[in-house]
1. Give me a comma-separated list of calculated 3J(HN,Hα) values for the stretch 174-180, in order, Karplus coefficients 6.51, -1.76, 1.60 applied at θ = phi - 60°, integers in Hz, x for any Gly or Pro.
2. Any chance you could check the Cα centroid distance between the stretch 42-70 and the stretch 147-183 for me, in angstrom?
3. What are the lysines whose alpha-carbon lies under 30 Å from the alpha-carbon of LYS83, with same-chain residues fewer than 8 places away excluded?
Amino acid sequence: MRNLILGLFLVIIPSLALGAEPRSDRPHWSLELKGGAFFPGAANWSKFYDSSYTGEYGGALSYKVLRQLEVGLEGSYLRSSGKGQLPLHAAAGSTVQAGEVTYELFPLDLFVLARGVFSEDQLLVPYAAAGWSRVFYREGVKSQGSTRGSVNGYHARAGVQLLLDGVEPETSHDMYRDYGVHHTYLFLEAKYLRAMADTVPDGSVNIGGTSCLAGFLFEF
């Protein structure tokens, strides 16, 4: 039994050491690729689209001003289809009768992000970000035309990331050698977006909402 335990240590310890191999310098950029569920802030969303959520996909690129502080740009895309009556935005000045409705959102976010990272081999890293948003929307009804526009808003998000370098140490080493990727993380995050758009006849509605997302982070 003692020999078996010793043998396991001899196999595991070198792998962990390789996964946490020190790099020659610190990373300066972060790239996030993510996807998940978006829960719209509009009160009657499920009435028109037969679901309380829709899919969201996006990515973000940020520059590390400090190891713990970043500034960057994020973009995402959401799309839903449904049927029913739905108030168009103020540009149309009318209400859509029953028909096939397609609704798309393209949020762009400028953000400042802080990561709680204090060592390069830290397994769990919490983070939080907030900033300004510009939300582009497009709403089309079959045989009745479409309306589009954009509004300003703000957002906030927070999550936790899990370091994956030790899972495949050789792959991690190759990615650093070939592509300059220092670290790879799996992350989970929650995001809130608020952007008020004028509608008829309700006055205004939040075309933002809450997102639950997962993805991969690459630092290089």
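Coordinate-derived values only; no laboratory data. Quantities reported herein were computed from a predicted structural model and do not represent experimental measurements.
1. Going residue by residue, I get 5, 5, 5, 5, 8, 10, x Hz, with x marking Gly and Pro.
2. When both Cα centres are located, 15 Å separates them.
3. Cα-Cα hits under 30 Å: LYS34, LYS47, LYS142, LYS191.
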